[in-house]
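What follows is one structure encoded as structure tokens, with my remarks underneath.
The values are calculated or read from the model by the stated rules, or taken from the named source; none is laboratory data. Note that this is a predicted model, so its numbers are computed, not measured. Positions of Cβ are backbone-derived with ideal geometry, glycine not excepted, and every protein chain shown enters the neighbour counts. Side chains are part of the model used for accessible areas, which takes the heavy atoms of the whole protein and leaves out ligands, DNA and RNA. Shrake-Rupley method; radii C 1.70, N 1.55, O 1.52, S 1.80 Å.
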Amino acid sequence: FREWAPNATAIYLIGTFNDWKKDERYKMRRLGYGVWEIALEEELLRHEDLFKLLVEWDGGSGERIPAWIRRVVQDEQTKIFSAQVWNPVKPYAFKNKRFKPDTAPLLIYECHVGMAQEEPRVGTYAEFTRDVLPRVKRDGYNTVQLMGIAEHPYYGSFGYHVSNFFAPSSRFGTPEALKTLVRTAHELELAVVMDLVHAHYVKNLNEGINELDGTDHLYSLPGTAGEQPYWDSKTFDYGKEQVRHFLLSNVKYWLDEFHFDGYRFDGVTSMIYHHHGHTDFSRREQYFDAGVNEHALTYLTLANTLVHDFRPRAVTIAEEVSGMPGIAVPTADGGVGFDYRLGMAIPDFWIRQLKEVPDEKWDIHAIWHVLTDRLPGIKTVAYAESHDQALVGDQTLAFRLMGKEMYEHMDRASQSPVIDRGMALHKMIRLVTISAGGDAYLNFMGNEFGHPEWIDFPREGNGWSYAYARRQWSLADNGLLRYAQLGEFDRAMIALVKKYGILRDGYPYNLQMDTQNQTMAFSHGDLLFVFNWHPSASIPNYEVRVRVPGRYRPILSTDERRFGGTERTDMRGQHFSYPVQGDELPRIRIYNTSRTATVFLREE
């Protein structure tokens, strides 16, 4: 057993095996470079033994949890966390061959294991495997993104304040249960991507790596330079060789030990700037000035190189909001090497629209600009909302659109203009985001069927309630409720995207921007997309430009009855193109119904 603690003067293992007392048999010896080591007979440290490090330094001492520990558990009575020896007699064996994910296109179902159950409690890996994975497969997504996996002492942090980087959270079950989750997902042909938090770590002394050897600069820079003031956490010193070794080992560990298929790197903007991204980025020079943390950029380049060398089919996604050039460019071309970056401006735009602008005043040019404002060759994950938009203090898009009406008027027999408007815009926002916003798509679990309210983990301020830290799947499963219609639309939308390769087609081709009627039209290959955002203007014989002559028939509409609409458009209709003098592009005539998006397929 080894630990890196250069400031320590002595280290002992204490635990259930020696009644938590200092014992010379468990005293470690110092090697070079600040590394401490002990070799023990197997019977002196058994499977499931609890232990900690008793670290001594000049002027003090303290109990610490090892930085490289693979399992940490919390005592139910005392709430104290301890390291746990995890060495089962029969090691877990992945039965299937190494999974080769098909993530083109990348369709991500973002999940949190603990809040994935309907009961107001913490869910488990096993329950997620049984209950949620089949839903993801049925809905057509091909990638599961797991949040909050690495151990974190405060459940309400959503996993962002990591304490133990090599330990999967024990509140959800055993490491073997997590491995079974990944294995089962692979059997369902689903890739599993892990949210990897290497931007910062929790300040806690008793649970994490902070001041492990008595100094504030073991894994961080000393003083305030080692703090993330906006998140009340500690940052890593990426320029220190031992820290890079720790983090790169962590990257390899989850791929190797648990067979994850890649990572969403959290907080990349915070990593690559000393100011953590808190600036307006009004000048291009700001991407390359003294505010840039070159050590962090170097680390991320090494991490991406390691991932892709070790698992060539693995996927890496950067949560990066500044638009730093080269983030999603291959390292061979001088980039940092991420495969994708999150299109974080898109959900922020939708929230701002719904908060500040009545939809009868929505600017279609603004919608188009936000969705298509990305650099060529930089693959972007588009999404209308993730978990971030629904965390306490905010609301899901569905709840922001429909509010308290959702409590009384989501049954199919009920009549409510608020619900009708909300459902129509909910479907349109998702369809335009996936078809124009990027090269991949993400949805947070439950939001596809309009999950109401917000996300709020148990805390003192809400009486330690789990009421908003769960998913009410029964809403979608109840065929009498309109949630089921939103869920059915999402499945049809995902199927359409996969069938016609929309996310592989690059930028949409802008055909028409009719400001007066709030109608936009664009194409992907043989598909024509028409979005009428106007709240009331339904226009017969409306002319729409098309790229290629032919016969066009509707194959998907947000207004279909099966999706909770009124089906004002004949889904069996056919629309033949005709030339127009003075326009190089032909046109078709359609019934352009209000608050409706329709997809037409061109046929010879």
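Taking square-rooted eigenvalues a ≥ b ≥ c of the alpha carbon gyration tensor, is region 490-569 rounded, prolate or oblate, where a/c under 1.5 means rounded and, failing that, a/b exceeding b/c means prolate?
Cα axes put region 490-569 in the oblate bin.
For region 445-604, which whole-number percentage of the solvent-accessible area (1.4 Å probe, protein heavy atoms only) is attributable to carbon and sulfur atoms?
Of the solvent-accessible surface of region 445-604, carbon and sulfur hold 47 percent.
Using alpha carbons only, how many angstrom separate the centre of region 279-352 from the centre of region 517-578?
Here the answer is 37 Å between Cα centres.
Provide the packing ranking of 463-469, 144-150, 47-53, i.e. peptides ordered by the mean count of other C-beta atoms within 10 Å per residue, highest first.
144-150, 47-53, 463-469
Long-range amide H contacts for Tyr273: which residues qualify at under 5 Å (H placed 1.01 Å from N, peptide plane, sequence gap of 5 or more or a different chain)?
Asn293
Averaged per residue, what accessible surface does the chain expose to a 1.4 Å probe, in Å²?
Details: 24890 Å² over 604 residues.
With the other protein chains kept in place, the chain gives 41 Å² per residue.
Which helices pass in the chain if a helix is a full DSSP H run, must span at least 27 angstrom along its long axis by Cα, and must have mean Kyte-Doolittle hydropathy not below -0.5? Please list the in-between numbers first.
On the way: long enough: 417-436 (28 Å, 0.69).
For the chain, where a helix must reach 27 Å along its axis and average at least -0.5, the hits are 417-436.
What is the magnitude of the charge dipole of region 339-389 about its Cα centre, with +1 placed on the Cβ of each Lys and Arg, -1 on the Cβ of each Asp and Glu, and no other charges, expressed in debye to the nearest 20?
That gives a dipole near 180 debye.
Please list, ordered by chain and number, the residues whose modelled amide H lies under 5 Å from the amide H of Asn164; skip anything fewer than 5 residues away on the same chain.
The answer is Glu151.
Just to verify a number: FRET efficiency for Arg421 and Asp333, C-beta to C-beta distance, R0 = 45 Å, to 0.05?
Taking R0 as 45 Å, the efficiency between Arg421 and Asp333 is 0.45.
List every residue whose amide H lies under 5 Å from the amide H of Ala10, counting only residues 5 or more places away in sequence or on a different chain, with H placed 1.01 Å from N in the peptide plane.
Sorted by chain and number, the residues that satisfy this are Glu56.
Express the carbon and sulfur contribution to the solvent-accessible surface of region 218-366 as a percent, rounded to the nearest whole number, probe 1.4 angstrom.
Here it works out to 50 percent.
So what is the relative contact order of region 306-460, in percent, for Cα pairs below 8 Å that sit 6 or more residues apart?
24 percent
What is the chain's relative contact order, in percent, from Cα pairs under 8 angstrom and six or more apart in sequence?
Once divided by the residue count of the chain, the mean separation gives 10 percent.
Per-residue HN-Hα couplings for region 373-383, Karplus 6.51 cos²θ - 1.76 cosθ + 1.60 at θ = phi - 60°, whole Hz, x for Gly and Pro?
Karplus values, whole Hz, x for Gly and Pro: 7, 9, 6, x, x, 9, 6, 10, 8, 8, 7.
Let me have the relative contact order for region 15-110, percent, based on Cα pairs under 8 Å that are six or more residues apart.
Values: 91 pairs, mean separation 20.3, N = 96.
After rounding, I find 21 percent.
Using only the Cα atoms of region 306-401, build the gyration tensor, take square roots of its eigenvalues as a ≥ b ≥ c, and label the shape rounded, prolate or oblate: rounded if a/c is under 1.5, else prolate if a/b is larger than b/c, else oblate.
prolate
Quickly work out the Phe288-to-Arg568 label distance, labels modelled 7 Å from Cα along the C-beta direction, and quote it in nm with one decimal.
Distance between the two pseudo-spin positions: 5.2 nm.
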